[in-house]
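Worksheet: the structure to be examined is printed underneath.
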Amino acid sequence: MRLIDFNLSTADLQQTLPLYWEPTTNQAWPIQSVTLVDHQLVLVAAKSVTPLTLDQFNARTRQIDGQTQLYIQTTQHPLRLFGYRLSQQRLLFG
């Protein structure tokens, strides 16, 4: 998913929604930070942190090119993200 596609699809959502990564069903890890690595926007999740909100994410990525692809950092390498869903007042990448 490109950053611009994510931004356009979330523009009307509540900006206080927390961001999570869902590696498996019924498991959600809070997104703690974003990093730009080799033209990839890499989201970093951790188990016991306060998640970024949609508003914080937008503020941190405002100056990044909209064509940049979104990834999630795993223990081995970043995985490309293709979408998200809303569940229980949370935005879940998966």
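Observations, loosely collected:
- Coupling constants for the range 47-58 follow from the phi torsions by the Karplus curve (6.51 cos²θ - 1.76 cosθ + 1.60, θ = phi - 60°), and in residue order they are 6, 10, 10, 7, x, 5, 8, 4, 4, 5, 4, 4 Hz; glycine and proline get x.
- Amide N of the range 1-36 lying under 12 Å from the label point, which is placed 7 angstrom from the Cα of GLN89 along Cα→Cβ: 16-18
- Net charge dipole size for the chain [Lys, Arg +1 and Asp, Glu -1 on Cβ; Debye, nearest 20]: 160
- Vicinal HN-Hα couplings computed from phi for the range 78-89 (Karplus, 6.51 cos²θ - 1.76 cosθ + 1.60; Hz; Gly/Pro x): x, 10, 5, 9, 10, x, 8, 8, 9, 7, 6, 6
- Size descriptors for the range 3-49 (Cα atoms only): Rg and Dmax, in that order, 12.1, 31 Å.
- When ILE64, ILE72, ILE4 are compared by accessible area of protein heavy atoms, the largest-first order is ILE4, ILE64, ILE72, using a 1.4 Å probe.
- Inverse mean reciprocal Cα-Cα distance (Kirkwood Rh) of the chain, Å: 13.1
- Accessible surface of the chain, 1.4 Å probe, proportion on carbon and sulfur as whole %: 48
- Value of relative contact order over the chain, rounded to a whole percent, pairs C-alpha under 8 Å and six or more apart: 34
The values are calculated or read from the model by the stated rules, or taken from the named source; none is laboratory data. Here the structure is a predicted model, which is why all the values come from computation and not from measurement. Note that we place each Cβ from the backbone using ideal geometry, even for glycine, and neighbour counts take in every protein chain shown. Accessible surface is based on the protein model in full, side chains and every heavy atom, while ligands, DNA and RNA are left aside. Shrake-Rupley method; radii C 1.70, N 1.55, O 1.52, S 1.80 Å.
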